[in-house]
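One structure below.
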Protein chains: 2
Amino acid sequence: MAIGEPDYPAPLAEIADPPPLLAVKGAAHLLRRPTLAVVGARNASANGVRFTRRLAADLGARDLVIASGMARGIDTAAHRGALQTGTVAVLAGGIDVIYPPENEGLYSEIAELGVAIAESATGTQPQARHFPRRNRLISGVSLGALVVEAAPRSGSLITARMALEQGREVFAVPGSPLDPRCRGANHLIRQGATLTENADDVMEVLEGIVRQPLKEREPPVIEAPAAAAPDEDELARGRGMVTSKLGPSPVEVDELMRQCHLSAVAVLTILLELELASRLRRTPGNQVVLLS
Amino acid sequence: MAIGEPDYPAPLAEIADPPPLLAVKGAAHLLRRPTLAVVGARNASANGVRFTRRLAADLGARDLVIASGMARGIDTAAHRGALQTGTVAVLAGGIDVIYPPENEGLYSEIAELGVAIAESATGTQPQARHFPRRNRLISGVSLGALVVEAAPRSGSLITARMALEQGREVFAVPGSPLDPRCRGANHLIRQGATLTENADDVMEVLEGIVRQPLKEREPPVIEAPAAAAPDEDELARGRGMVTSKLGPSPVEVDELMRQCHLSAVAVLTILLELELASRLRRTPGNQVVLLS
């Protein structure tokens, strides 16, 4: 599908760098409907998964299509909750490459009932550097981004930042200060994101703008969390440094960033590379463990 | 202690209806120091209790005295966390009447290390109608009120409202939308209360005003939650109605309010009367059970 074609998502055409071509698999007509991005932690809590699934279904019942990144945890719950009402999976690799592999079943269901899109060429294996760019598409096809259970400096916060840059609404689900997975979302609320407990909270904001062209809306005033696109030089320099600081004991991602003197996006990208290579596991408290 | 005396709390002297006389037991000098009210649910979660105790200790370490109402749950945790650094118990009955009875140990410790105050005459047994008036004193002696785990339409929200009316700051600790005990606090945040995860969040707001006279500050813009002082006619009319709708199965307080067509403060007062008479038990989810 090329930019300018009728099913090309209208909000996506308005971002700074829309993909000229999108690979599409499934019900392309869903791309014409008002869409909300729902993203969050891969190592989500059981309650977070349950909450997200129900919220996605509730929002679907109010005619919102739910976009997400088909990652583990919150993303998967968002897609599953909205399978019957409409969901968009935005893939980091090629349209025919299923990642993570355990989501093969979900991918088939989305291809049948929902729609998957990708800007990478067919057959492209997802690499860490694809993810920040992919995140701009998740918010790009959407009127707003809702964040559930995001740790500080997580990929979900990058999606929230992309949403802001694109002039979209940001929603966040509050959580206990005792749960590190909630700190990123609580931070967004403190910065001005809409505190969201249920579908009503989302609709109250979106109903007014569903029919209003995106350009006319003022972007909300939220201080952007760290990080843009990863810098290749910094990545090359950082890979050895990050890996050397990891081991079988969990290390806090924040601590890692402080010690490495690298940008947040570089550290996140390197961690994602390790994770894609099955060399890294995430543990609660925004910590990571290097697998031998 | 009479209004005008040096230890009479300065912020209390500035409310609309300061008590002309306060009974005081313990370290009266604490009443001269900057104070924060910390209040919340009686049926608090284990995490809420742990969090409150630690937060009260952290705030105490930064020279804030912690005021609360010596109720079960969050109030007790707030006093306990601040015992070593300074705490004020504001009693609903006489200064010599310990309520709830299981807090006899806490009362003795507060009398020794902290301070207790009361406006009711010595020997007065606390009655439901005393509590809303008592709550105005908790916020009245304080620069702000922090709410942890408060259900919608709970007594803690009345304290937050009193704080607003008195031009004090309001802080609230966010929590999961799945926990009904967090809805009141999340509501306060949505209305403009400061989202609070730790002592830094409180100090950031209070440090600027600790030395600024209260009158000069503008009250924050928050829509006041329901309810003022209970109306005696409404109470007389409502007692039978409320009791008849209760039974051994848990009933949601919100549902009760809807069905009875009474004001929130009337229903809360009647429930508190029943609780004081040991005829009512609170259960999770802001529900109540009538004991035979």
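For the pair A and B, how large is the buried accessible area, both sides, in square angstrom to the nearest 100, if the probe is 1.4 Å? Mind showing how you got there, number by number?
Values: alone 12580 and 12610 Å², together 23700 Å².
Buried: approximately 1500 Å² between B and A.
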Find every distance from the label point of residue B:84 to the corresponding label point in the other copies (7 Å from Cα along Cα→Cβ) and write them in nm, one decimal, shortest first.
5.6
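I'd like the carbon and sulfur percentage of the solvent accessible area for the range A:229-279, probe radius 1.4 Å, heavy atoms only, ligands and nucleic acids excluded. Spell out each step's value before the answer.
Working: 1230 of 2460 Å².
Here carbon and sulfur together make up 50 percent of the probe-accessible area.
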Rounded to whole Å and sorted largest first, what semi-axes of the equivalent ellipsoid does the C-alpha gyration tensor of the protein assembly as shown yield via the square root of 5 times each eigenvalue?
50, 27, 20
Comparing B:122, B:85, B:52 in a Gaussian network model of chain B (Cα, 10 Å), the one with the largest mean-square fluctuation is B:122
What gaps in nm, shortest first, separate residue A:205 from its twins in the other copies when you place the label 7 Å past Cα toward the beta carbon?
2.0
With a 1.4 Å probe and all protein chains in place, put B:234, A:255 in order of accessible area, largest first.
A:255, B:234
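Within 10 Å, count the other beta carbons around each residue, average over each peptide in B:13-23, A:141-151, and list them highest first.
On the way: B:13-23: 15.3, A:141-151: 28.9.
Output ranking for B:13-23, A:141-151: A:141-151, B:13-23.
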Accessible area per residue, 1.4 Å probe, Å², for the protein assembly as shown: what's the number?
41
Cβ-vector label at 7 Å, residue B:167, separations to other copies in nm
4.2
Over all directions, how big on average is the projection of the convex hull of the alpha-carbon atoms in chain B, in square nanometres?
13.9
Taking the alpha-carbon distance from residue A:245 and a cut-off under 13 Å, which aspartates and glutamates remain once sequence neighbours fewer than 8 residues away in the same chain are dropped?
A:254, A:255
Quick check on the range A:1-138: take the gyration tensor over C-alpha atoms, sort the square-rooted eigenvalues as a ≥ b ≥ c, and tell me if it's rounded (a/c under 1.5), prolate or oblate.
oblate
Whole-Å semi-axes of the ellipsoid equivalent to the range A:93-189 (Cα gyration tensor, √5λ, descending)
26, 15, 13
How much of the accessible area of the range B:6-97, in percent, comes from carbon and sulfur atoms when a 1.4 Å probe is used?
51
With the solvent-accessible surface defined on protein heavy atoms using a 1.4 Å probe, which residues belonging to the range B:166-211 display a reduction of at least 30 Å² in accessible area in the multichain context relative to the isolated chain?
B:174, B:177, B:178, B:186, B:190, B:195, B:197
So which aspartates and glutamates can residue A:25 reach, going by Cα to Cα under 17 Å and dropping same-chain residues fewer than 8 places off?
A:5, A:7, A:96, A:104, A:109, A:112, A:119
With respect to the axis carrying B onto A, what is the closest chain B residue by Cβ position, and how many angstrom separate it from the axis?
B:174, 2
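The values are calculated or read from the model by the stated rules, or taken from the named source; none is laboratory data. Fair warning: this is a prediction, and the values are worked out from it, not measured in the lab. Counting neighbours? That spans all protein chains shown, and the Cβs are built from the backbone with ideal geometry, glycine included. Ligands, DNA and RNA are stripped out before the accessible areas are found, and what is left, the full protein with its side chains, is counted by its heavy atoms. Shrake-Rupley method; radii C 1.70, N 1.55, O 1.52, S 1.80 Å.
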